[in-house]
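Have a look at the structure below before the remarks.
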Amino acid sequence: MSGTALVRYEAMRREVAECARIDEAAQIRDKAAALKLYAKQSKDRDLQRWVSEIQLRATIKLGELSRKLPTVQGRRTDKELVPTDEYKSKSETLAEAGISQPVASRAEALTGRADLDDESGLAVEALGVALQTADVYFDECRKADIIANHKQLNSIITQALDDAFGAPEKTRAHKKRDAVTNAWIDLTGAIQTIAKLDLDFADLAERLPDAMCEPTLRETRIALPRLERWIELIGGKNVATTRRNDGST
C-alpha cells in the first residue's frame, strides 16, 4: 500500500471507530462501496482490498449501533412532543439513515447473536468476540492479499460465537399441513362460526342484494348436502365412540 493510500486507510478506519450515529456509519460504508467499485474498474487490487475492509468495518459499526437503538412502544399522544432522537423508534432511525431492516439485521449478525443479548448479560462479551474475530480475519486477508467479503466474515464470526458460547438451540420447523388438514380446519372453523352467530335469517335475507340472491342460493344448495353428509358421518362416529365407552357391542 502506498503512503497516500495508507494515510487514507488509517483516516477512514478512525472515522469508523469514532462513529456515534448509525447514519455516520452508513455514509462511510457507502463511500467505501463506491471506492471499491472504482478500484475494481481500475483494477487496483490494493485499493480494492483495503476499501473492502473499511466497508466491512463500517458495516460492523452499523450493526453495533443498530443493536443499541431503542424500540419505542406506547409513545404518548396526549401532548405535543418535540421530535428528538429520544422518541424515535428503531425503525424510524433506520429509515432516516436509508437502511432497510434486512440490511440492519445482516450488520447486527456481525456483532453477536439474538440470544446473546443484554437480558442474558452476554451482549458485551459477544461483541468483543465478534470484533476480535473480525480483526484477526482482516489481518489474515492483508497478509494473504485476499479481498475480505461479508459472507466469509459472517461465517467466521458465527463459528467463533458458537465456539465461545455454544451453538444456539434450533427451533423446530413447523410441519406443513396437508390438504385434508387444511380442509378440516376450514370446515370446522366455518361451522363453529355459524353455530355461534345470533342470526335473524329473515332480516339477513331482506338485506341481501338482489344480485347476490342467485349466487348465494346456488352456493347454499351445494353446501347443504355436504353438511348433511358431515352430520351423518360424525353422528355415526359419535355413536360408535359412545358404545365403546359404555362397553357395549
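Observations
- Checked against (1) among the small types (Gly, Ala, Ser); (2) within 30 Å of Leu110 (Cα to Cα); (3) modelled with pLDDT under 95, Ala183 meets all criteria but (2).
- Subset tally (residues that are surrounded by 14 or more Cβ atoms within 10 Å (Cβ to Cβ) and modelled with pLDDT under 90) for region 1-18: 5
- In region 24-66, the residues that are among the small types (Gly, Ala, Ser) and assigned to a helix (DSSP H, G or I): Ala25, Ala26, Ala32, Ala33, Ala34, Ala39, Ser52, Ala58, Gly63, Ser66
- Residue count, region 142-183 (criterion: outside any helix (DSSP H, G or I) and of a type in the set (A, V, I, L, M)): 5
- Beta carbons closer than 9 Å, at least 6 apart along the sequence or on distinct chains, never pair a first residue in region 212-237 that is of a type in the set (S, T, N, Q) with a second that is at pLDDT 90 or above and part of a helix (DSSP H, G or I).
- Test set (1) surrounded by 18 or more Cβ atoms within 10 Å (Cβ to Cβ); (2) at pLDDT 90 or above - Leu47 fails condition number: (2)
The values are calculated or read from the model by the stated rules, or taken from the named source; none is laboratory data. Just so you know, these numbers come straight off a predicted model, no measurement behind them. Ideal geometry is used to build each Cβ from the backbone, glycine not excepted, and the neighbour counts take in all protein chains shown.
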